[in-house]
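Take a look at the structure set out below.
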Amino acid sequence: MSVWRRTQRKKQHQTAWQVKHGAALVGTLFLLEIDQPWFKCRFEPSSEWDSLRTLFEAQEEARAMNFPEEMVWPIAAIRDLDLELHPLQGGEIIRPMMIYLGKEKSSFRY
């Protein structure tokens, strides 16, 4: 593996954001890879996750079904949460345009 690739992988594994809903910590996202425009991550939920889990599960179900019209409501509901991503390393807070949080797959774009 080249030095550049090792450096990039190290940077990605060190990149993480706390997912916040107001003052509540929902969990932490750890960057796995960037597939523009998506940031693909591993999600570690906090105790606050349970209050939002069913909403994100509904969104994942809608995505698995290619977003039929009657199931697009979770997208708007999640957008209305005004979630913020606070970088652990310091820097600018991100307000994601789209975010998916789950055990198997998590990603966001802004």
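The values are calculated or read from the model by the stated rules, or taken from the named source; none is laboratory data. Source: prediction; values computed, not measured. Backbone-built Cβ (ideal geometry, glycine too); neighbour counts: all protein chains shown. These accessible areas exclude ligands, DNA and RNA; they are computed on the full protein's heavy atoms, side chains included. Shrake-Rupley method; radii C 1.70, N 1.55, O 1.52, S 1.80 Å.
For Glu92, the test of being at pLDDT 95 or above, open to solvent by 90 Å² or more (accessible area, probe 1.4 Å), out of contact with any Phe, Trp or Tyr (no Cβ under 6 Å at 6 or more places or on another chain) and over 15 Å from Phe108 (Cα atoms) is passed. Counting the residues of region 95-104 that are open to solvent by 30 Å² or more (accessible area, probe 1.4 Å) and either in contact (Cβ under 8 Å) with a residue 60 or more places away in the chain or of a type in the set (Phe, Trp, Tyr) (or both) gives 1. Looking for something farther than 22 Å from Gln14 by Cβ and small (Gly, Ala, Ser) - is there at least one such residue anywhere in region 40-51? The answer is yes, given that some residue of region 40-51 is farther than 22 Å from Gln14 by Cβ and small (Gly, Ala, Ser). Only one of the listed residues (Phe56, Phe43) is aromatic (Phe, Trp, Tyr), in a strand (DSSP E or B), open to solvent by less than 30 Å² (accessible area, probe 1.4 Å) and touching a residue at least 40 places away in the same chain (Cβ under 8 Å). That residue is Phe43. Of everything listed in (1) open to solvent by less than 30 Å² (accessible area, probe 1.4 Å); (2) within 13 Å of the chain's Cα centre (by Cα), the single unmet condition for Lys20 is (1). Provide a single number: the residues in region 78-103 that are in a helix (DSSP H, G or I) and aromatic (Phe, Trp, Tyr). Number satisfying all stated conditions: 0. Does any residue of region 59-77 turn out to be over 14 Å from Arg109 (Cα atoms), open to solvent by 60 Å² or more (accessible area, probe 1.4 Å) and assigned to a strand (DSSP E or B)? Among the residues of region 59-77, not one is over 14 Å from Arg109 (Cα atoms), open to solvent by 60 Å² or more (accessible area, probe 1.4 Å) and assigned to a strand (DSSP E or B), which makes the answer no.
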